[in-house]
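The values are calculated or read from the model by the stated rules, or taken from the named source; none is laboratory data. Quick caveat, the model's predicted, so the values are computed rather than measured. With ideal geometry, Cβ positions are generated from the backbone for all residues, glycine too; neighbour counts draw on all protein chains shown. When the accessible area is computed, the model is the full protein with side chains, heavy atoms only, and any ligands, DNA or RNA have been set aside. Shrake-Rupley method; radii C 1.70, N 1.55, O 1.52, S 1.80 Å.
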Amino acid sequence: MEYQTNQAINVKQELFLKYFVKVNEMGNAKQLPINVINDDHYIVGMYYPINASDKLNKNIDELIREIRKLENYRNHKRTRK
């Protein structure tokens, strides 16, 4: 899994509410979650468009497979001793 420098899109709360359809399209196009921030730039919420959610689920599944492979390798190595 490769590291991404763009891990989320920051959008001010009032713009998120006013332009939800456009923000949602942008999040889907970039396959990134959207951080909803206030005027002080604190995150007040996070929204996952469908494509970003699908991508996250695929990454989680990939990590689960890698963990299982490592566990199987470790268990196999222990039984050989």
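At-a-glance table
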{"read-out": "Meets criteria (surrounded by 13 or more Cβ atoms within 10 Å (Cβ to Cβ), under 14 Å from the mean Cα position of the chain (by Cα) and among the acidic types (Asp, Glu)) for ASP61", "value": "no"}
{"read-out": "Index of the failed condition, PHE16 passing every other in (1) assigned to a helix (DSSP H, G or I); (2) open to solvent by 50 Å² or more (accessible area, probe 1.4 Å)", "value": "(2)"}
{"read-out": "Answer from TYR3, TYR48, TYR73 - the residue that is at pLDDT below 90 and touching a Pro at 6+ places or on another chain (Cβ under 6 Å)", "value": "TYR48"}
{"read-out": "Looking only at segment 23-42, and only at residues there that are polar (S, T, N, Q) and assigned to a loop (DSSP other than H, G, I, E, B), the one that is least open to solvent (accessible area, probe 1.4 Å)", "value": "ASN38"}
{"read-out": "Complete set of residues in segment 43-81 that are of a type in the set (A, V, I, L, M) and in a helix (DSSP H, G or I)", "value": "ILE50, ALA52, LEU56, ILE60, LEU63, ILE64, ILE67, LEU70"}
{"read-out": "Unique match (being open to solvent by 60 Å² or more (accessible area, probe 1.4 Å), in contact with a strand residue (DSSP E or B) (Cβ under 8 Å, 6 or more places away or on another chain) and polar (S, T, N, Q)) among ASN75, ASN10", "value": "ASN10"}
{"read-out": "Residues within segment 49-58 that are open to solvent by less than 70 Å² (accessible area, probe 1.4 Å) and not polar (S, T, N, Q), tallied", "value": "4"}
